[in-house]
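A short write-up of the structure that comes next.
The values are calculated or read from the model by the stated rules, or taken from the named source; none is laboratory data. Since this is a predicted model, take the numbers as computed values, not measurements. As a convention, Cβ positions derive from the backbone with ideal geometry for all residues, glycine included, and neighbour counts pool all protein chains shown. SASA here: full protein model, heavy atoms, side chains in, ligands and nucleic acids out. Shrake-Rupley method; radii C 1.70, N 1.55, O 1.52, S 1.80 Å.
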Amino acid sequence: MFLKKCREIFIGVPRNPFDTGTRKNIALIAFLAWIGLGADGLSSSCYGPEEAFLALGIHYHLALYLAILTALTVFIISLAYNQVIELFPSGGGGYKVASKLISPHAGVISGSALIVDYVLTIAISVASGVDSLFSFLPLAAQHYKLHFEIIILLLLLVLNLRGMKESIKILLPIFLGFVITHFFLIFYGVLLHGYHLPELMSGSVADTQKFVQESGWFVALAIFLRAYSLGGGTYTGLEAVSNNVNHLVEPRVRTGKWTMFYMAVSLSLTAGGIILLYLLWDVKPTEGQTLNAVTFGSILAGFPMHHALLILVLLLEAGLLFVAANTGFLGGPAVLANMSIDGWLPKRFRNLSNRLVTQTGIVWYGVAAIFILFWTHGEVSMLVVLYSMNVFLTFSLSLLGLSNYWWKNRKLSFSWYYRMTLSVVGFVVCAAILIITLLEKFTAGGWLTVLITSSVVTLCLVVKKHYVSIEKQIKYLDEILTIPLSPTPPDKKIPELDVTKPTAVLLISESTGQGMHTLLWIQRMFPNHFKNYVFISVGVVDVGSYGSDSALKDMQEKIQARLQYFIDFCHQHNFAATSFVTYNSDPIEALVHLADQVSQQFPNCVFFAASLISKQDSWFHRRLHGDIPIIMQRQLNLKGLQMVILPVKLER
């Protein structure tokens, strides 16, 4: 009881998934979605523009074109991902686009890249934020930086276990503080030095022409594209909305598009504006300071208490990076859940906690991010390489899938040419950034990205192979053991239940064959002993079933039909029968509660369940299945109830 109370204090009380108000209370409006899902993209303005600007070297005159192209690229990718929101309003983003519009194997590559990307989103954002905070502390404090990163990460983990909306509301002031201060500094900084703009534009064009005449177009374009690609981290996070459309309020597509619009406008203004400030204020790299710190310090120099104001601005940058880390906890588990529904990952990743969050995924992401931080010692330069390459792999596959879709469906829409052109341009841009980054940074960590993502893909293929094999064998079991029922005569008397007589209680899963196997073996082992048969089942409310009201209704109808089949079978063979069903995000908790209810009504009862066994049984394979009967048996034995597990051998 004490542990349960502590859990409710930190995480919150359970939610009822069938309460019509629950979904409304936890769904996100566009504004909250912009904060929760857009922080990752907006936070990249803390380091993306600087990476791109510094990569130009002495050729700062190219930065004007870089600022324009950066803002334009944000809108191109955002508009392309609006199409993803339209085509996949149930969420899934880059994973579903590649799976449905290219091939399932392209989908698993895109999904694996997203899995790694969101882990790195958490790690790099926390590491960057702590770097900003510790820049104001003495050098001796650097020894404790990693410890502080772990503490921040654990706090974010607990916040997200409470629910998406709660974590966003807590982080709301930090996000708004960043937006207000940075928009003010950008507009004020441009206004103060705006008189330099005509001279700056003409000077940039003249310097570019001179550079091209001296070095040639190829060299100039190569330097520009290198800087543009190394600043690719600016565009990360734009896919987060399409991955989490199912968490938005209705109408989801409209809410998703507004969220994407807020993200595109805020990121393009911030990233493009900061690059423009570098030029207008003639910023030069300063040891121990970011370019943003140097620029904002110059702008605030005329303000009273300018040093305190600068510290506040940089603290808000650090805070926004922590909010961006939260995006990994929001988007990452959604990718795991969608891939687990398709059988690429263990099915436990699709389960929801009683707070209706993908608890297993959230915890897994927290542990993985902690491991990455320990492994890299929080070194941002290595993390950013791993991070950006996975993002642009997903971008490229998604936009390739959209291009393929609009070409195949060009006769179905008058706007296909515009949509396909936008998708193709986006694909070329993202693929170019991916290739250039891989070649440029291969020895600086790029090879590690390839290794990690390939390992995740390999794991997914192994898991998928196992589930496909099991599903084929279960399907065969259902085919041979689903006995057709003859129509029941209208005048046939239905046997009545007698609660005082021996009762067999059967746990019914999604497989009719397993339930029938259990029923037939009970009658064979205990002929004419049991007079009542009670069938119990739990509808597991997971990511797949909680995607919409219709999905919940479909699940209820399927379970009721399956239980009615067993009742009708017993009635036709003159056995009294009934059923009990409940719905919960935790099947064990629900089944134990249901067993208590049945045992009180039928005191002379014995519980039965089927358990799948295989010759290829191993620790790895057992982790892919829930082992619900074994856990149930222990729970019921502790309550003084008897349960028999009947093995079902799957091999034909």
Do we have any residue at all in the range 487-500 that's part of a helix (DSSP H, G or I) and of a type outside the set (Phe, Trp, Tyr)? no
Suppose we filter Leu238, Leu279, Leu267 for residues that are buried (at least 21 other Cβ atoms within 10 Å of the Cβ), in a loop (DSSP other than H, G, I, E, B) and either at pLDDT 85 or above or in contact with a helix residue (DSSP H, G or I) (Cβ under 8 Å, 6 or more places away or on another chain) (or both); which single one remains? Leu238
The residue from Arg348, Arg355 that alone is assigned to a helix (DSSP H, G or I), modelled with pLDDT under 80 and basic (Lys, Arg) is Arg348
What residue, of Gly272, Gly194, is under 30 Å from Phe427 (Cβ atoms) and among the small types (Gly, Ala, Ser)? Gly272
In the range 381-414, what residues are under 17 Å from Tyr118 (Cβ atoms), open to solvent by less than 40 Å² (accessible area, probe 1.4 Å) and of a type in the set (A, V, I, L, M, F, W, C)? Leu383, Val384, Val385, Leu386, Met389, Val391, Phe392, Phe395, Leu397
What number of residues within the range 322-340 satisfy the criterion of being closer than 18 Å to Leu624 by Cα and hydrophobic (A, V, I, L, M, F, W, C)? 4
Taking Phe569, is it at pLDDT 90 or above and either in contact with a His (Cβ under 6 Å, 6 or more places away or on another chain) or over 20 Å from Val538 (Cβ atoms) (or both)? yes
When you go through Val463, Val538, Val534 one by one, which is the residue that is buried (at least 20 other Cβ atoms within 10 Å of the Cβ), in contact (Cβ under 8 Å) with a residue 40 or more places away in the chain, farther than 30 Å from Phe392 by Cα and under 32 Å from the mean Cα position of the chain (by Cα)? Val538
In the list Leu54, Leu42, which residue meets the criterion of being within 28 Å of Gln289 (Cα to Cα) and open to solvent by 10 Å² or more (accessible area, probe 1.4 Å)? Leu54
Candidates Ala334, Ala301 - the one that is small (Gly, Ala, Ser) and more than 24 Å from the chain's Cα centre (by Cα): Ala301
Are any of the residues in the range 477-498 at pLDDT below 85 and under 25 Å from Val384 (Cβ atoms)? no
Residues satisfying the stated conditions in the range 429-453, i.e. farther than 20 Å from Val119 by Cα and within 24 Å of the chain's Cα centre (by Cα): Cys430, Ala431, Ile433
Within the range 327-345, the residues that are touching a Ser or Thr at 6+ places or on another chain (Cβ under 8 Å) and either within 14 Å of Ser44 (Cα to Cα) or surrounded by fewer than 21 Cβ atoms within 10 Å (Cβ to Cβ) (or both) are Thr327, Gly328, Asp342
Within the range 466-482, restricting to residues that are farther than 17 Å from Arg623 by Cβ and hydroxyl-bearing (Ser, Thr, Tyr), the one that is surrounded by the most Cβ atoms within 10 Å (Cβ to Cβ) is Thr482
Would you mind telling me which numbered condition in (1) surrounded by fewer than 19 Cβ atoms within 10 Å (Cβ to Cβ); (2) modelled with pLDDT of 85 or more Ile299 fails? (1)
Looking only at the range 250-267, decide whether some residue is touching a residue at least 60 places away in the same chain (Cβ under 8 Å) and touching a Ser or Thr at 6+ places or on another chain (Cβ under 6 Å). yes
Across the range 74-127, which residue is modelled with the highest pLDDT among those that are of a type outside the set (A, V, I, L, M) and in contact with a Leu (Cβ under 7 Å, 6 or more places away or on another chain)? Ser110
Where Glu250 falls short, out of the listed (1) under 28 Å from Ile124 (Cβ atoms); (2) under 25 Å from the mean Cα position of the chain (by Cα): (1)
Among the candidates Ile483, Ile470, Ile474, which residue alone is over 30 Å from Ala227 (Cβ atoms) and part of a loop (DSSP other than H, G, I, E, B)? Ile483
Quick one: Leu439 ticks every box in (1) assigned to a loop (DSSP other than H, G, I, E, B); (2) open to solvent by 60 Å² or more (accessible area, probe 1.4 Å) except a single one, so which number is it? (1)
Is the range 158-177 home to any residue that is modelled with pLDDT under 85, of a type in the set (Gly, Ala, Ser) and under 24 Å from the mean Cα position of the chain (by Cα)? yes
